[in-house]
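The values are calculated or read from the model by the stated rules, or taken from the named source; none is laboratory data. Just so it is clear, the model here is predicted, and its values are computed rather than measured. Note: ideal-geometry Cβ built from the backbone for every residue, glycine included; neighbour counts use all protein chains shown.
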Amino acid sequence: MTGKHSTITDTTREKLCVLRQNTGVSPWKLLEISPDIPDAPQAQIIQRWLNGSALSAKPSQVEAVIRAWEALPQCEHIVLDERKRAEIETLIADTGVGAVALMYGQRGKAPKGLTSAMIRRWLEKPVPSVRKDYYEWAVARWKGVLGSAHALMELTDERLDLLNAEIERTGIKPGNLLARAVDPPVSPAKVYSWLYKKTRTARASDFGYVLSLWLSMPDLGQIPRHGAAIRIPLTPEVIADLLALQEKSGLGPSALFKWATSQGIPIPDGASAQGLRACMRSRAKTIGPELLTFAIETWKAACAHGERPIPIEGWMLTNLRKSQDMGLLPEKLFDGAADVPGGLNAGVIGEWLDGSASEAKKNHLDWVLARCKALSSVETPRVAITEGLRATLIAHRERSGVAQSALLKGARDLPDGLSAPLITAWIGGFVDSARKDYLDYVIARWKALPDG
């Protein structure tokens, strides 16, 4: 098998993409679990094969990567037709549970790799097929929600006695109770229909919400601690709503408070990003109505202020792929970062790079582009790979008789991310710049070798 580069045909690229999809294993994960791939290229190089930004590659490397992916378990896919989409839309409407709420608290229970963003794309940007296990798990979970929290329960005398006892204990009638809540799922008239036995059934989730709200109220005449008379129960539905707004806006609690300050939005006394974050992580059982209202309304305002998805323009993608070649994307960028926008992760960036996403949240793009620029200019200076520099590299290789792989083999001080395929990319003209520290290391190592 020749070591020269050959054109990556459309058939080969399609095969690589299908294997990537069917296994659910990214190039980075593939190299981690298959460390014995012969002359393995960097994960960034494989990603470029997938997204079409690399037009050629060593056939031996491509074949080795294909064999590694083929050796992994393949996931069955099914056609996502209009009937299946309609089924999902009906389940969302019947349960009131969107993709984010569906995935809340399911870490370790949902199939590995399934995300709320992926489920949303099934409907927002219809895809021709989906993994069968992903689809079946999501539908089963929706049906489980529909059959439990939203199932009708009988309003027995014992259950009604619980509500009447709370009215007597707190002195708060249904109208006043629900007026203190944010977006309650039921109306006062509905609660009165329970109490007056005009209806004998109710949704289990509705009854539980009303009862927990009454239980959070102080006794009649009791002076509330710290002057905070009202606390809203942090039900899974409330937390899921907050998480959905956070993901839609792309602003985490800290960023939300900073954005509110920049826009002149008043922040309630005693409210803090730390307190809101604790509520969303289920570290608190209740939340103050002022903080809850502030969070909901401010997140909605942020969404309306331009945090909606914008197209990923050509110049943006060019800069992103340059950062990918430098090893910053899609994962290393997050190292040591404390201000990552909510909802942004390596998987999201990977979708920009491989072309499966044509738009992104503005604040996500702004943050990634700015951080890439800062890291590339400060932490990893680069130099242009000119014809003269290529000639220098080739001359060192020919003088010493030591090829790229042998040059790096056994090196204990090898810089993280430097590999033989990357040196090949420099010499072959497949990239137009390189990290200066990488180049300095390679040239110094070749210079130290005797003539071959």
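The set of residues from region 1-20 being in a loop (DSSP other than H, G, I, E, B) and either surrounded by 13 or more Cβ atoms within 10 Å (Cβ to Cβ) or at pLDDT below 80 (or both) comprises Met1, Thr2, Gly3, Lys4, His5, Ile8. For region 198-216: of the residues being small (Gly, Ala, Ser) and over 34 Å from the mean Cα position of the chain (by Cα), which is modelled with the lowest pLDDT? Among them, the one singled out is Ser216.
Selection within region 235-272: residues that are without any contact (Cβ under 8 Å) to a residue 24 or more places away in the chain and surrounded by 17 or more Cβ atoms within 10 Å (Cβ to Cβ). The member of this set that is farthest from Pro218 (Cα to Cα) is Phe257. With respect to the conditions (1) part of a helix (DSSP H, G or I); (2) hydroxyl-bearing (Ser, Thr, Tyr); (3) farther than 26 Å from Glu297 by Cα, Ser212 falls short on a single one, namely (3).
Residues in region 154-200 that are of a type in the set (Gly, Ala, Ser) and in contact (Cβ under 8 Å) with a residue 12 or more places away in the chain: Gly171, Gly175, Ala181. Looking across region 387-413, the residues that are farther than 15 Å from Trp426 by Cα and among the small types (Gly, Ala, Ser) come down to Ser400, Gly401, Ala406, Gly410, Ala411.
Restricting attention to region 416-436, the residues being surrounded by 15 or more Cβ atoms within 10 Å (Cβ to Cβ) and either over 36 Å from the mean Cα position of the chain (by Cα) or not aliphatic (A, V, I, L, M) (or both) number 9.
Of the helices (runs of 4 or more DSSP H) entirely within region 21-80, those holding at least 2 residues that are out of contact with any Ser or Thr (no Cβ under 7 Å at 6 or more places or on another chain) and of a type in the set (Val, Ile, Thr) occupy 43-51, 59-70. When Ala301, Ala295, Ala273, Ala284 are checked against the criterion of being at negative phi, at pLDDT below 80 and aliphatic (A, V, I, L, M), Ala284 stands alone in meeting it.
Highlighted here are the helices (runs of 4 or more DSSP H) found entirely within region 272-333 that include at least 3 residues which are small (Gly, Ala, Ser) and out of contact with any Pro (no Cβ under 8 Å at 6 or more places or on another chain): 289-304. Residues in region 33-71 that are among the acidic types (Asp, Glu) and closer than 22 Å to Thr424 by Cα were compared, and the one that is surrounded by the fewest Cβ atoms within 10 Å (Cβ to Cβ) is Asp36. Of note, Ser6 does not satisfy the criterion of being over 24 Å from Glu351 (Cα atoms) and in contact with an Asp or Glu (Cβ under 7 Å, 6 or more places away or on another chain). For region 37-64, the set of residues classified as acidic (Asp, Glu) and either more than 12 Å from Leu16 (Cα to Cα) or touching an Asp or Glu at 6+ places or on another chain (Cβ under 8 Å) (or both) consists of Asp39 only. Here Arg382 meets each of (1) in contact (Cβ under 8 Å) with a residue 60 or more places away in the chain; (2) buried (at least 16 other Cβ atoms within 10 Å of the Cβ) with one exception, condition (1). One residue stands out in region 347-372 among those that are in a helix (DSSP H, G or I) and without any contact (Cβ under 8 Å) to a residue 12 or more places away in the chain: the one that is farthest from the chain's Cα centre (by Cα), namely Ala370. Within region 171-198, the set of residues being within 18 Å of Pro289 (Cα to Cα) and either in a helix (DSSP H, G or I) or touching a His at 6+ places or on another chain (Cβ under 9 Å) (or both) comprises Pro174, Gly175, Asn176, Leu177, Leu178, Ala179.
Right, Ser187: assigned by TED's automatic domain parsing to the domain that holds Ile88, small (Gly, Ala, Ser) and either surrounded by fewer than 18 Cβ atoms within 10 Å (Cβ to Cβ) or at pLDDT below 80 (or both) or not? The answer is no for Ser187.
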